[in-house]
Each structure stands twice: as C-alpha cells, then as structure tokens.
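To keep things clear, I will list the structure first and then write my remarks on it.
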Amino acid sequence: MKTRYEMPRYMERFRCIGPACEDTCCAWWGISVDRRAYDRYRAIEDEHERRRILSKLNLKTEGTDRDYASFELNPATGHCAMLGDDGLCTIQAKHGEAMLSATCATYPRKVNAEGGTLEISAALSCPEAARLALLHEDACEFVTSDDVHTPNLSVNRPPSTARHMPHAAVIRGAIIRMLKMRRYAFPHRLILLGLMCEELDRLAAVGDPEAIPAFLADFEAEAAGGLADNPDLREYAAFPRDTAFQIRMLNGYLMRRLEGTIWNRRYERCVAEYVRGMTQRGEAADQVVRHYEETFAAHVAPFIARYGHFFENYAVNQVYGTFLPGLRSGQRIGTLYRTLAVDFAMIKLHLTGIAAHRGELTPETAVELVQCYTKNYEFVSSYRVDFLLELAAEGRDSFEDIVLLITN
C-alpha cells in the first residue's frame with residue numbers, strides 16, 4: 001500500500017539551495033546522527049573514508065536509536081565537520097542522499113504521521129523554506145502526493161497512550177480555515193481564533209467534547225457571515241490597545257533574555273538593529289512608546305495590509321506542523337494558541353524596531369527576521385513558556401491581556 005503524503009504547496013517547490021544559503025543548517029547547530037546512519041558509516045568499505053567520518057562523530061553517553069551520536073563542529077566557523085569547502089555535504093557528495101542521517105535528510109521538513117497520511121511542512125528556520133512559505137499567496141494551499149523522493153525521513157508518530165484533545169483533527173481544520181478568512185485583517189483573525197480556542201478549552205474542561213464539532217461549525221459560519229450578531233467583535237478598531245503594556249512585557253522580556261540565549265549570528269544582527277531602531281528618539285519609556293507607535297503606523301501596519309498572506313502563511317504553517325502533535329500529547333488548545341500569539345507579537349515587535357532603523361519594511365526584511373528568530377528559538381522550549389509564566393506572575397495572562405499583545 002502506497003504512502004499518502006500531504007503538504008502545503010510551498011513544499012512541492014522546496015529544494016535545498018546548498019552553498020547559496022545565507023544561514024546554513026550545517027553551522028552552530030547540534031547535528032544528531034541516528035543509530036542506523038552510524039551503522040551505515042561503520043560499514044563503509046573504504047577504510048580512509050570510514051575513518052574520516054567516524055573520527056568526527058561523538059557517541060552520546062545516554063543516546064537513543066534516534067539520537068545516537070553527533071558530528072563535531074569546527075570551533076572557528078561553527079560548520080559541521082562534514083561540510084566541504086564548496087558548501088556541500090561531503091557525505092552526500094561521495095555516497096548519495098541515502099547515506100545521510102535522518103536529521104540531515106529530513107531538515108527542514110517536519111513529518112507527522114496522521115492515520116495513513118504523512119503530513120510534511122517545514123521549519124521556517126531554513127531561509128529558502130521561509131521565502132517559499134511566506135512570500136507566495138498560494139504557499140499554504142494543501143496538496144497531496146503518492147511519492148516523495150527523500151530517503152531516511154524522520155517521522156513523528158502520535159503517542160499511543162497519551163490523553164489528548166477530542167476531535168483534534170477537526171479542531172485543527174477549523175483553526176486553519178479561521179486563519180485563512182481574509183475578510184478580516186490578520187490580527188483580527190488571530191483574536192477571533194483566540195475566542196474560539198477559549199471556548200474549546202471550556203468545552204473540554206466541563207466534559208462536553210461531543211459539543212465541539214457543532215460549536216466549531218456555528219463559530220465558523222458566524223465569522224464567515226461577518227459576525228452580524230456580534231457587533232462588538234466585528235470591527236478590529238474596537239478592540240482595546242495598550243502599547244505601553246506591549247513594550248513593557250515583550251521588550252522587557254526580550255532584553256532580559258539577551259544574555260546567553262542569542263546564538264544565531266543573523267538573529268544577533270537583527271536584534272542589534274531592533275535596539276538601535278527602538279531607541280532612536282531616546283531610551284525613556286514614553287519616548288520608546290511614541291516612536292514605536294509612529295513606526296508601526298508608518299511601516300508595519302501598511303505591510304500587514306498589503307501582504308496579509310505573510311502572517312497568514314506563517315500561522316497556518318505553524319498550526320499545520322505543530323498543533324496536532326501538541327493536541328495528541330495532551331496540550332491544551334489555549335496553550336498552543338498562546339504560543340502562536342506570543343510569536344506573532346514578538347515578531348511584530350522586532351519588525352517595528354528594525355523598520356525604524358532601516359526606514360522601511362520590505363518582504364525580504366520580514367522573511368529574514370522570521371527565519372533567524374525561528375532558528376534562534378526553535379529548540380529553546382523555555383522561551384515561550386517563561387514569557388507566559390511572567391504574564392501569569394503579573395496576573396496578566398487572561399485572554400484579554402493576550403489581545404493587548406496582538407493589537408496596535
């Protein structure tokens with residue numbers, strides 16, 4: 001029986017650009033090697049070649065079959081020991097793609113098994129994947145295929161015993177359709193989505209999961225019809241705004257995280273531009289707030305209005321690649337929603353400061369920021385959790401407070 005693959009359209013177009021990449025995945029990142037790949041390297045007949053590869057591998061003392069060893073990195077360049085001077089992997093060049101470890105063969109793909117389907121999306125920490133996913137209006141239309149020419153894919157499979165959210169696939173489908181409802185500006189869509197997720201958590205908490213499909217159908221229909229019966233939700237401009245709260249919470253957290261958490265050099269440059277842009281008119285709180293508001297109105301709001309698909313595609317890609325595994329492992333839908341909202345708010349904050357520094361906000365700049373922000377924090381699980389904990393410690397973690405982070 002053939003495997004069925006589903007993916008956003010941009011993944012059909014994706015091809016690694018190798019040495020042309022601005023932020024290679026083969027630098028300053030731990031490169032895991034699975035047990036099967038390690039055994040393939042040990043079986044290479046050419047002794048010199050076998051020794052060359054094995055000498056650059058470090059076995060993990062508590063390794064697993066999936067994470068058995070890792071390649072050394074060049075301390076001067078950060079490059080994987082297998083990266084050649086031409087910017088190409090020497091293992092793939094000499095032995096073919098089938099000899100790559102599961103990590104190297106899969107990245108930047110995220111592969112989730114759902115029933116008889118393998119769902120493939122991408123981590124936007126890859127510059128080429130980020131460009132393809134964010135810049136094209138049709139990038140997150142979904143397509144199916146019976147064949148994917150990539151060996152050794154690492155597949156995430158749902159746990160068999162975990163308690164999980166009922167109707168998880170139905171919920172994810174409704175979330176993606178809400179995110180694509182272009183009659184509303186993207187921040188407006190994100191707020192409406194939050195309302196939907198709050199109610200889903202309530203239904204799950206009171207033990208009424210069978211009410212979920214009917215609620216979702218009614219919510220979608222009402223939103224698609226223009227919220228005729230809910231005038232308080234109809235206009236984005238009616239939602240409260242508090243720029244000082246945004247700056248205090250988002251910028252304050254970011255500045256406290258700078259020490260020891262920025263490892264990606266591209267992101268380091270973006271943060272430096274952000275800081276210079278935010279403090280152009282002075283460092284006093286009222287000066288920063290006023291400058292932020294003016295810059296957002298001049299550059300970021302027009303960007304969101306003109307390139308509405310940019311953040312839509314970002315959010316849809318995140319939901320498609322992470323929400324089902326999250327729901328399958330027992331996470332609350334409200335928690336998953338909040339992490340998405342925090343990332344949007346943080347990216348929006350970064351882009352505003354960078355736009356102030358550069359005097360403009362282009363699609364290319366936005367892609368650069370999303371890519372390196374994602375790469376820097378992709379595997380730092382505490383980054384979003386700690387921010388939400390800080391909100392909770394201040395008693396500012398209600399849905400209404402999340403809305404204040406979204407709106408401008």
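Checking the stated criteria, residue 102 turns out not to satisfy the condition of being under 22 Å from residue 371 (Cβ atoms), open to solvent by less than 30 Å² (accessible area, probe 1.4 Å) and in contact (Cβ under 8 Å) with a residue 60 or more places away in the chain. Residue count for segment 171-209 under the criterion of being part of a helix (DSSP H, G or I) and touching a residue at least 12 places away in the same chain (Cβ under 8 Å): the result is 27. Filter segment 137-167 down to residues that are in a strand (DSSP E or B) and not aromatic (Phe, Trp, Tyr) and give me whichever is nearest to residue 307 (Cα to Cα). Restricting to residues being in a strand (DSSP E or B) and not aromatic (Phe, Trp, Tyr), the top hit is 143.
Of the residues making up segment 307-329, just one is of a type in the set (S, T, N, Q) and either outside any helix (DSSP H, G or I) or at positive phi (or both), namely 329. From the list 312, 283, 259, the one residue that fits, being at pLDDT 95 or above and of a type in the set (D, E, K, R), is 312.
May I ask you to list the residues in segment 210-236 that are assigned to a helix (DSSP H, G or I) and of a type outside the set (A, V, I, L, M, F, W, C)? Passing the criteria: 210, 213, 218, 220, 222, 231, 232, 234, 236. Do the conditions hold for residue 259, that is, is it part of a helix (DSSP H, G or I), surrounded by 18 or more Cβ atoms within 10 Å (Cβ to Cβ) and among the acidic types (Asp, Glu)? Taking the combined requirement at face value, the residue does not satisfy it.
Summed over segment 75-97, the residues that are buried (at least 18 other Cβ atoms within 10 Å of the Cβ) and farther than 21 Å from residue 22 by Cβ give a count of 1.
Selection over segment 93-136 of residues that are closer than 16 Å to residue 319 by Cβ, of a type outside the set (Val, Ile, Thr) and not in a helix (DSSP H, G or I) gives a count of 8.
Residues that are open to solvent by less than 50 Å² (accessible area, probe 1.4 Å) and under 22 Å from the mean Cα position of the chain (by Cα) are absent from segment 213-227 altogether. Please work out which residue is nearest to residue 280 (Cα to Cα), limiting yourself to segment 339-387 and to residues that are among the aliphatic types (A, V, I, L, M) and more than 17 Å from the chain's Cα centre (by Cα). The residue in question is 356. Screening residue 279 on (1) surrounded by 16 or more Cβ atoms within 10 Å (Cβ to Cβ); (2) among the hydroxyl-bearing types (Ser, Thr, Tyr); (3) under 25 Å from residue 114 (Cβ atoms) shows it passes everything except condition (3). Just one residue in the set 194, 225 is farther than 20 Å from residue 402 by Cβ and modelled with pLDDT of 90 or more; that residue is 225. Scanning segment 24-59 for residues that are modelled with pLDDT of 95 or more and open to solvent by less than 40 Å² (accessible area, probe 1.4 Å) returns 33, 34, 37, 38, 41, 44, 49, 53, 57. Criterion first (surrounded by 14 or more Cβ atoms within 10 Å (Cβ to Cβ), more than 22 Å from the chain's Cα centre (by Cα) and not in a helix (DSSP H, G or I)) does residue 290 satisfy it? For residue 290, the condition - surrounded by 14 or more Cβ atoms within 10 Å (Cβ to Cβ), more than 22 Å from the chain's Cα centre (by Cα) and not in a helix (DSSP H, G or I) - is not met. Within segment 3-21, the only residue that satisfies the criterion of being acidic (Asp, Glu) and outside any helix (DSSP H, G or I) is 6.
The values are calculated or read from the model by the stated rules, or taken from the named source; none is laboratory data. This is a predicted model, so every value here is computed, not measured. Note that each Cβ is placed from the backbone with ideal geometry, even for glycine, and that neighbours are counted across all protein chains shown. Calculation scope for accessible area: heavy atoms of the full protein, side chains included, ligands and nucleic acids excluded. Shrake-Rupley method; radii C 1.70, N 1.55, O 1.52, S 1.80 Å.
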